[in-house]
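Here's the structure, in structure tokens; my notes come after.
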Amino acid sequence: MFKKINYTIIIVLFSAQFIFAQKINHEFRGVWVATVNNIDWPSKKNLNPTKQKAELIKLLDQFKDLNFNAIIFQIRPTADAFYNSSYEPWSAYLTDSINSPPKPYYDPLAFAIAETHKRGMEFHAWLNPYRVLINYKNTTTKPLALLKEKPDWFLNYGETTYFNPGVPEVRTYTNKVVAEIVQNYDVDAIHFDDYFYPYKIANEVFPDADAFKNFGGKFYPNQIDNWRRDNVNTIIEELHTTIKSIKPWVQFGISPFGVWRNKADDPTGSNTDAGQTNYDHLYADVLLWTKKGWLDYILPQIYWQIGHDKADYKTIAEWWIKNNYNTNLYIGQAMYRLGGKTDEAWKQKNKTEIEKQLDLNRSLPTIKGSTYFSAKSFNKNAFGINKILKENYYQHPTLPPLTNNKASFFPAPVSHIKLTKIKGRKYQLSWKKLPENTAKEAVKFLVYKFERDEAMAINNPSKIIALTGETHINLNKRDLKKRTTFVVVPVSRNNNVGEGEVFVY
């Protein structure tokens, strides 16, 4: 017999005053999935869509098993698209021919989002704002049509073609690209990495003099650096407005280069000696963006080891803690360096540099999680780091941090919980969620399991048996004992939780 407990006054009070008043742990556990040059997915160009899907499912299952809760997926590496875009061509990294859709047709972005959400994970759509062609002199793919239609929008620097950040029409165009994604796809975030103005190339001047003359305004002719920063500031503010005007719950996150400014150049900078910095070389004034509240999170890429003589991990992490201005702070971890052939710190097995950095992060409560570059590093699995993460750091599922501090969305409890025998010793626990407006919809669920006479403490992560985007989980007969209690807690798009519903076997 399966018995669903009906709520009584006692149960409601118990739920509200004891169970659901408890604080649930939140931690960002993300991984970058790079598509440029087929770094992480798909494994090669022009792979059959069936194999593309299988590779992606395998990748998502790997990180679900490690109890990660976010995928940062590159959908626009070079003014191209891993989705059906009205503005840009299908990516050559997908089909080996720019503007050729997959055959047989499917939409990789829609598929990736659905599979990510099914596993209870967030999907962060990663875009590069300015890069157009890598190694433009030797490209073998059909060029972007806009290169001929709007030549003033573009310039070449080094071997790469870029959108010119100083042209106002470029900002308008970029906003349209992002708006289309947010409107048409159920993304949880729009994510930019560290590439704004490109990293400096020795003895080569960035060729934006004409744009400066035409659009420099109050900055012309003597403040080109401030003008460049203003260009980036403007597009960040505009994109924030664009995203929030369409779907207020969609996050906007930036993963900047680790060092904002060196202290030698600015007394408010970090005690570092980085060769290039966000503010002075990439023209990215990240602190202004956090002060203005334009970002939901920052994820600085601190890719150096603890004790580095020019850019010490601990020094940089502590600097961001003092300068995040209440924006959610996560750290970008250099998983790709672990077990490498260069710095000795990354060759150490016990403890590994990643473990040391995670220990430091968790001693600094302002840091709310980590993201690793990149997915393929987990296939390398240097020093057995996957098992170390699973057993010592990510033993249990958890929710990403709360976002959108200006508006909290609390979903209604689930209903109609039932336990159904599937076949043999297989059972399914299922429930229904209430139809609500999109903002307050329950999009994922935490499922807890408590044994007989065990306190129902949802702040105990060891009792979580599932974090899922589906409205059911499968169980084995051995999971069911007399008076086993399950609690299903609904979670909204900004990771607020509603009251749980209780089911007793």
query: Just the Cα atoms of the range 28-91, one point each, no solvent: what log10 I(q)/I(0) does Debye give at q = 0.18, 0.19, 0.27, 0.30 Å⁻¹?
result: -0.71, -0.78, -1.22, -1.30
query: lysines within cross-link reach of Lys137: Cα-Cα under 16 Å, excluding same-chain residues under 8 positions apart?
result: Lys148
Accessible area expressed per residue, the range 120-171, with surrounding protein chains retained (probe 1.4 Å, Å²): 43 Å²
task: Calculate the all-directions average of the projected area of the range 393-457's alpha-carbon convex hull, and give it in nm².
output: 7.3 nm²
- request: Give the calculated FRET efficiency between Phe410 and Ile321 to the nearest 0.05, with a Förster radius of 51 Å applied to their Cβ-Cβ distance.
  value: 0.95
field: Added length on full extension, which subtracts the Cα-Cα distance from 0.36 nm per residue, Ser97 to Asn476
entry: 131.7 nm
Convex hull volume per residue for the range 194-333, taking Cα atoms only, in Å³: 126 Å³
query: Given the convex hull of the Cα atoms of the range 170-260, what is a quarter of its surface area in nm²?
result: 7.2 nm²
query: Can you pull out the trypsin sites (Lys or Arg not before Pro) in the range 279-317 that DSSP calls coil and that have at most 13 other Cβ atoms within 10 Å?
result: Lys310
statement: Sorting Ala70, Asn46, Ser91 by the position of each Cα along the dipole of the range 25-109 (Lys, Arg +1; Asp, Glu -1; all at Cβ), the one nearest the positive end of that ordering is Asn46
- request: May I ask for the Kirkwood hydrodynamic radius of the range 427-505, worked out over all distinct Cα pairs and given in angstroms to one decimal?
  value: 13.1 Å
- request: Report, to the nearest whole %, how much of the accessible area of the range 94-229 belongs to carbon and sulfur atoms, 1.4 Å probe, protein only.
  value: 49 percent
- request: Would you compute, for the Cα atoms of the range 94-227, the largest minus smallest coordinate along each principal axis and list the three values in descending order, in whole Å?
  value: 53, 33, 29
query: Over the Cα atoms of the range 15-145, how large are the radius of gyration and the largest Cα-Cα distance (Dmax), in Å?
result: 17.5, 66
- prompt: Where both residues lie in the chain, what percent of DSSP beta bridges are antiparallel, nearest 5?
  reply: 50 percent
222 nm mean residue ellipticity, helices alone, for the chain (DSSP H n ≥ 4; -39,500 (n - 2.57); rounded to 500): -7500 deg cm²/dmol
- line: If unit charges are put on Cβ atoms (+1 for Lys and Arg, -1 for Asp and Glu) and the dipole of the chain is taken about its Cα centre, the option from Ile316, Pro221, Leu282 lying farthest towards the positive end turns out to be Ile316
- line: For the range 261-302, the percent of accessible surface on carbon and sulfur atoms (probe 1.4 angstrom, ligands and nucleic acids excluded) is 39 percent
- line: For the range 271-315, the Debye formula with one identical point scatterer on each Cα and no solvent gives log10 I(q)/I(0) at q = 0.19, 0.22, 0.26 Å⁻¹ as -0.71, -0.88, -1.02
query: Taking amide hydrogens as modeled 1.01 Å from N in the peptide plane, which residues meet the under 5 Å criterion relative to Thr272, leaving out close sequence neighbours?
result: Lys263, Ala264
query: Which entry in (1) 44.9, 156; (2) 30.2, 103; (3) 24.1, 81 matches Rg and Dmax of the Cα atoms in Å derived from the coordinates of this structure?
result: (3)
statement: So Ile422 and Asp61, fully extended at 0.36 nm per residue minus their Cα-Cα distance, gain in nm 127.7 nm
field: Candidate lysines for bridging to Lys213, where Cα separation is under 20 Å - those fewer than 8 sequence places away on the same chain excluded
entry: Lys150
- prompt: Where nothing but the Cβ of Lys and Arg (+1) and of Asp and Glu (-1) is charged, how large is the charge dipole of the range 24-160 around its Cα centre, in debye to the nearest 20?
  reply: 300 debye
query: Given the protein chains as shown and a 1.4 Å probe, how many square angstrom of Leu66 are accessible, to the nearest 10?
result: 10 Å²
field: Qualifying lysines (Cα of each under 29 Å from Cα of Lys51; at least 8 residues distant if same chain)
entry: Lys64, Lys103, Lys118, Lys142, Lys376, Lys380, Lys387, Lys390, Lys444
- request: Compute the Rg to Rh ratio over the range 332-401 from the alpha carbon atoms, using the Kirkwood formula for Rh, and round to two decimal places.
  value: 0.95
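The values are calculated or read from the model by the stated rules, or taken from the named source; none is laboratory data. Values in this document were obtained by computation on a predicted structure and should not be read as measured data. Methodologically, a virtual Cβ is constructed for each residue, glycine included, from the backbone with ideal geometry; neighbour enumeration extends over all protein chains shown. Keep in mind that these areas ignore ligands, DNA and RNA; they rest on the heavy atoms of the full protein, side chains included. Shrake-Rupley method; radii C 1.70, N 1.55, O 1.52, S 1.80 Å.
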